[in-house]
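All remarks here apply to the structure that follows.
The values are calculated or read from the model by the stated rules, or taken from the named source; none is laboratory data. If you're wondering where the values come from, they're calculated on a predicted model, not measured in any experiment. Quick reminder, even Gly has a Cβ in these numbers, built from the backbone with ideal geometry, and neighbours come from all protein chains shown. With ligands, DNA and RNA removed, areas are computed over all heavy atoms of the protein, side chains included. Shrake-Rupley method; radii C 1.70, N 1.55, O 1.52, S 1.80 Å.
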There are 2 protein chains.
Amino acid sequence: MEKYTLEDCPIQPVVNVISGKWTSLILWEISQSHNHYGDLKRQLEGISTRTLATRLKTLEKQGILDRNVFPTNPPTVEYVLTKKGMDLAPVLYAMRDWSEKYN
Amino acid sequence: MEKYTLEDCPIQPVVNVISGKWTSLILWEISQSHNHYGDLKRQLEGISTRTLATRLKTLEKQGILDRNVFPTNPPTVEYVLTKKGMDLAPVLYAMRDWSEKYN
DNA sequence: CGGTATCCTCGATGATACTG
DNA sequence: CAGTATCATCGAGGATACCG
């Protein structure tokens, strides 16, 4: 019953991806070329390591992000948007436009 | 510290409006001319009366919706998007477009 | 550097009964 | 019809310590 409508609503799929306190902010930062874990951690001041790691892992599972490890010393990790993730850009920029108008 | 970044992020204002399990779905339904409380309740199958009422009240406080009461018998209540709320349309339609592509 | 492992808190949401 | 009032739950997120 609940499942029916939630799955049926034409915006539910994107809600499943961007919901959460930090998720859309993470996506925004990555879309702005803040691709490294440490860079994200710095930009998203106040986020816990646990939450950032959890959200990144979920987005990876959802096919929104790819995770690339560079065997430097110390190692660095980079997150990049997949095609599916890049296609969220219109959503993110519409969000930014509204925010600029009404903040 | 946390406040700084959250307030500073260029998409934070819209996140404050559309976050929550049901909020963007409510906005979608209202944008699709499901304006009556009972109509919304029917479309959003599975939502509790408490949650629907709470979210509508919050959206009203945020200036996204106007609440109109018609003194019919029994009374009916209609929720309509303000200009600020209507300006969320690009966000909602971008969400729908992505959802159609990747659901 | 880029996480994982634990424990804990708190607020959003749900269920239900009731009301003008 | 359109809610409000109460109580209960549940999981996202935070704090902290530790690790390869």
Looking at this structure, is residue B:57 within 12 Å of DNA strand D (Cβ to nearest atom) and exposed (fewer than 14 other Cβ atoms within 10 Å of the Cβ)?
-> yes
Sort out for me the helices (runs of 4 or more DSSP H) sitting completely within region B:1-96 that have 3 or more residues that are closer than 19 Å to residue A:14 by Cα.
-> B:12-18, B:23-31
Determine which member of the set B:69, B:77 is touching a strand residue (DSSP E or B) at 6+ places or on another chain (Cβ under 9 Å), more than 8 Å from every other protein chain (Cβ to nearest Cβ), within 11 Å of DNA strand D (Cβ to nearest atom) and in contact (Cβ under 8 Å) with a residue 24 or more places away in the chain.
-> B:77
Please tell me if residue A:32 is away from DNA strand D (no atom under 11 Å from the Cβ) and closer than 21 Å to residue B:16 by Cα.
-> yes
Residue B:9 passes all but one of the listed conditions (1) modelled with pLDDT under 95; (2) closer than 23 Å to residue A:96 by Cβ; (3) open to solvent by 20 Å² or more (accessible area, probe 1.4 Å); the exception is number (3)
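Got a number for residues in region A:22-45 being open to solvent by less than 40 Å² (accessible area, probe 1.4 Å) and either free of Cβ contacts under 8 Å to residues at least 40 places away in the same chain or within 7 Å of DNA strand C (Cβ to nearest atom) (or both)?
Counting residues in region A:22-45 that are open to solvent by less than 40 Å² (accessible area, probe 1.4 Å) and either free of Cβ contacts under 8 Å to residues at least 40 places away in the same chain or within 7 Å of DNA strand C (Cβ to nearest atom) (or both) gives 9.
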Could you list, in sequence order, the residues of region A:49-76 that are under 22 Å from residue A:89 (Cβ atoms) and in contact with an Asp or Glu (Cβ under 9 Å, 6 or more places away or on another chain)?
-> A:60, A:66, A:67, A:68
